[in-house]
Amino acid sequence: MFDRSESDMILDGKPLDGRTILTTDVHGLALFGPVFEKLVDALQISIGRLVEPEGATRLGVPPIISRRVLERLGYVEAFPHLLGTLYTYPGDEHTWQELVPAVRGGQSWTTSLAPSDVAMLPAVCYHVYPQLTGTDLARPLVVDVCGYCYRHEKTAEPGRMRAFRMRELVRVDTESAVRSWQQSWVDRAGEWLRSLGLAVSVRPANDPFFGAARRLVGAVQLTEQLKWELVVEVDQGLDQAVASCNRHKDHFSTELGFTVAGKIAHTACTAFGLERIALAVIQQHGSHPGHWPDELRAQP
Ligand SMILES: [Zn+2]
């Protein structure tokens, strides 16, 4: 537990103010002080209580994913503007020596990089579906998965971070069961956010697809109510989605060939953006833990 005073924390000769986010030399990339991390821990415990009745299987995942998986699942086509692809240096020592002066001089050296077989993870649930490839699940599955994600956000707006923690519950089941599960989580996630003293607005939404898909696929998401967002104030006058409940129909199961008890599998996920929820709690209640709602002060 955090039991040092904030003034005890020193980083690079400057006091590390636990109440604030520490910015870096690039936008959307932040570090988090001790009070912020204490709040994220409390949110994790609270979400743990919220999801407990699901009896979910926990899955730990890395912050990178197979590039081929993202290609197969349609992410690259739909969101090329948000994807971070990892490039590595394929050359040898000799060619590298020619590049060193460019690195030292702050000139371009990245043209000699080549795309690797991995990309930054855009949503933690993308690690779940490939594990089911070619299987017929004997019973419905719920997975509780948490990890760091990357989105290539272009603005420096608070809450619009490029690297952030996402906790997701993923359900694999028949169409009607997945549909009612999604709706129940719209309600449960809303109630939970209200229990944190946050004013929540619940909206049908669509993902930020690239180009023409924004109009076409985005419209389908809206009319079929495939995506719901829970929106709260994360900074003065700034509302953002802090959680979402998403239904993918049989998109992933068709591509990867998985079923539930011999029937077509449908999937849905409920996602919580931990930094954004933490920002909203601080915006509403301040950064002193003593002022946070009881739900965030209770022990596990
Ligand atoms: Zn998801």
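Label-to-label distance for residue 108 and residue 202 is 5.0 nm, based on points extended 7 Å past Cα in the beta-carbon direction.
Annotation: residue 187 carries an accessible surface of approximately 80 Å², with a 1.4 Å probe and no ligand, DNA or RNA atoms counted. Which of 140, 95, 130 sits closest to the plus end of the dipole of the range 55-154, meaning its Cα is farthest towards the positive end, when Lys and Arg get +1 and Asp and Glu get -1 on the C-beta? Going by the charge dipole, the pick is 140.
Just so you know, the Cα atoms of the chain work out to an Rg and Dmax of 21.0, 62 Å. Using the Stokes-Einstein relation with a Kirkwood hydrodynamic radius computed over Cα pairs, the translational diffusion coefficient of the range 228-300 at 25 °C and a viscosity of 0.890 mPa s comes to 165 µm²/s. Across the range 138-202, the volume of the C-alpha convex hull divided among the residues equals 138 Å³ per residue. Centre-to-centre separation between the Cα atoms of the range 187-239 and those of the range 145-185: 11 Å. Volume per residue of the convex hull around the Cα atoms, evaluated for the range 128-275, comes out as 123 Å³.
Convex hull over the Cα atoms of the range 39-158, averaged projected area in nm²?
11.8
The values are calculated or read from the model by the stated rules, or taken from the named source; none is laboratory data. Computed from a predicted model, the values in this text were never measured in an experiment. For neighbour counting, all protein chains shown are included, and Cβ atoms are generated from backbone atoms with ideal geometry for every residue, glycine included. SASA here: full protein model, heavy atoms, side chains in, ligands and nucleic acids out. Shrake-Rupley method; radii C 1.70, N 1.55, O 1.52, S 1.80 Å.
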